[in-house]
Amino acid sequence: MAHALTNSAAAASGLGLIDRVRAAFARYRAYRNTLIELQSLSSRELADLGLSRASVRDVAREAAYSRF
């Protein structure tokens, strides 16, 4: 019985790792997509949003990683 529980726990932790990797990759994709979109805006459009070119990476990072 203990052997079955140990194997189940190992299998569950393996799935947890896969889920964590998928979530990390999803966060990275969200960061990259946000960064690309913001970098494609003109300086005028960024100013209208209250952003500067220097803050684009920080904004993209906050948008992607602060909600998870």
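Taking every residue in the stretch 49-68 that is loosely packed, with under 13 Cβ neighbours inside 10 Å and pairing it with any residue that is assigned to a loop (DSSP other than H, G, I, E, B), at least 6 positions away or on another chain, the pairs with Cβ-Cβ distances below 9 Å are 49/41. Within the set 11, 24, the sole residue that is part of a helix (DSSP H, G or I), surrounded by 10 or more Cβ atoms within 10 Å (Cβ to Cβ) and at pLDDT 90 or above turns out to be 24. For the stretch 45-56, the set of residues classified as assigned to a helix (DSSP H, G or I) and farther than 10 Å from residue 34 by Cβ consists of 45, 46, 47, 48, 53, 54, 55, listed by residue number.
Tell me which residues, restricted to the stretch 44-68, are among the polar types (S, T, N, Q) and touching a helix residue (DSSP H, G or I) at 6+ places or on another chain (Cβ under 7 Å). Result: 52, single match.
Among residues of the stretch 27-41 being hydrophobic (A, V, I, L, M, F, W, C) and assigned to a helix (DSSP H, G or I), the one that is surrounded by the fewest Cβ atoms within 10 Å (Cβ to Cβ) is 36.
The values are calculated or read from the model by the stated rules, or taken from the named source; none is laboratory data. These figures come from a predicted structure and were not determined experimentally. When we count neighbours, we look across all protein chains shown, and the Cβ atoms used for this are built from the backbone with ideal geometry, even at glycine.
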